[in-house]
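Rule-based calculations on the coordinates, nothing more; no lab input. Predicted model only: the values in this text are computed from it and were never measured. Cβ coordinates were reconstructed from backbone atoms using ideal geometry, including for glycine residues, and neighbour counts include every protein chain displayed.
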Amino acid sequence: MILAINTAAPQFSLALLSLEGNVAAEHVMAEGKGHFVNLMPTLQFMLQSLDRRIQEVRCISVATGPGSFTGLRIGISLAKGLSHGLGAPVLGISSLEAMAVQVPCAELPVVPMLHSRKGEVFAAQFAWEGKRHLERIVEDTWVGLEDIPRLFPGPAIFVGNDYANQGTRLEPLLRDGAWIAPPHCWCPRASSVGSLALQRFLRGEKDDPHTLHPVYLRPPDIRPNPFAVT
């Protein structure tokens, strides 16, 4: 099995995939304060439901960003710990590429977005080559939602992690030939991370846990506590 972890967005997701690519189990947790404490109980529940043991996991895959500063640190730390404990390789996957995979075999380029802060999103652009492989067209960046049509002109399909606040606001700004993916695609899934990692795992690839770090793109928005005692 491959364990996939996606904590790049305020929602978190865990998935277990077979080496044939079948999604054996997946759990998506909605955004909530302190909900990341449920990661290990969720994993245990998934394993028990399948009557499988954690020792059967052959590879750990994790979304490396960009995305939530706290979520990425937690997800990558969990992946590294499990990799060390199980002696299993770890593979880091771009969270935006994993988001783009959720619009499969699209004839138009796909623009995935993940919440950044203050009306901004992390975004990139990919295109399907031969219906089975994603090619990157535009590198990861961050941009105001209202500037998305300028940065990604022309026909494309847009997908993100918050349909209510991203999709409905973006749709009136798009030009002809640009589309919003259906709402059911707008949920970052660990199975997308796992499917990309499986391709690399079967090629014998692995990442060095010591050099696997979150891809932030921008510094965290940390402000001093005005009530702190100095």
In the range 1-102, the GluC sites (Glu not before Pro) that fall in loop regions by DSSP, at most 10 other Cβ within 10 Å: Glu20
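Test of the criteria: in the range 130-175, which trypsin sites (Lys or Arg not before Pro) are in a DSSP loop and have at most 15 other Cβ atoms within 10 angstrom of their Cβ?
On the way: sites: Lys131, Arg132, Arg136, Arg150, Arg169, Arg175; in loops: Lys131, Arg132, Arg175.
Here the trypsin sites (Lys or Arg not before Pro) that fit, given the DSSP loop and packing criteria, are Lys131, Arg132, Arg175.
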Two-site label geometry, Glu56 and Thr70: point separation in nm, points 7 Å out along Cα→Cβ: 3.4 nm
Listed candidates (1) 60, 50, 31; (2) 70, 31, 22; (3) 58, 41, 26 - label of the one calculated as Cα extents along the principal axes in Å: (1)
Net length gained if the chain between Glu129 and Ser77 were fully extended (0.36 nm per residue, minus Cα distance): 15.4 nm
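Neighbour counts of other C-beta atoms within 10 Å: give me Val62, Val110 arranged from fewest to most. Can you show the working numbers first?
Working: Val62 32, Val110 26.
Ordered from fewest to most neighbouring Cβ atoms within 10 Å, Val62, Val110 come out as Val110, Val62.
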Relative exposure of Met113, Met29, judged by other C-beta atoms within 10 Å (fewest first): Met29, Met113
Compactness of the range 103-185 as Cα Rg over 2.2 N^0.38 Å, two decimals: 1.00
Residues Ile54, Ile76, Ile93, Ile60 arranged by fewest to most Cβ contacts within 10 Å: Ile54, Ile76, Ile93, Ile60
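Relative contact order of the range 129-224: what whole-number percent is it, with Cα pairs under 8 angstrom and at least 6 residues apart? Walk me through the numbers on the way to the answer.
Values: 52 pairs, mean separation 24.1, N = 96.
Dividing the mean separation by the residue count of the range 129-224 yields 25 percent.
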For Ala24, distant residues with modelled amide H under 5 Å away: Leu16, Leu17, Ser18
Mean separation of Cα contacts under 8 Å (6+ apart) over length of the chain, as relative contact order %: 23 percent
Estimated 222 nm signal from helices in the chain, with DSSP H stretches of n ≥ 4 weighted -39500 (n - 2.57), rounded to 500: -7000 deg cm²/dmol
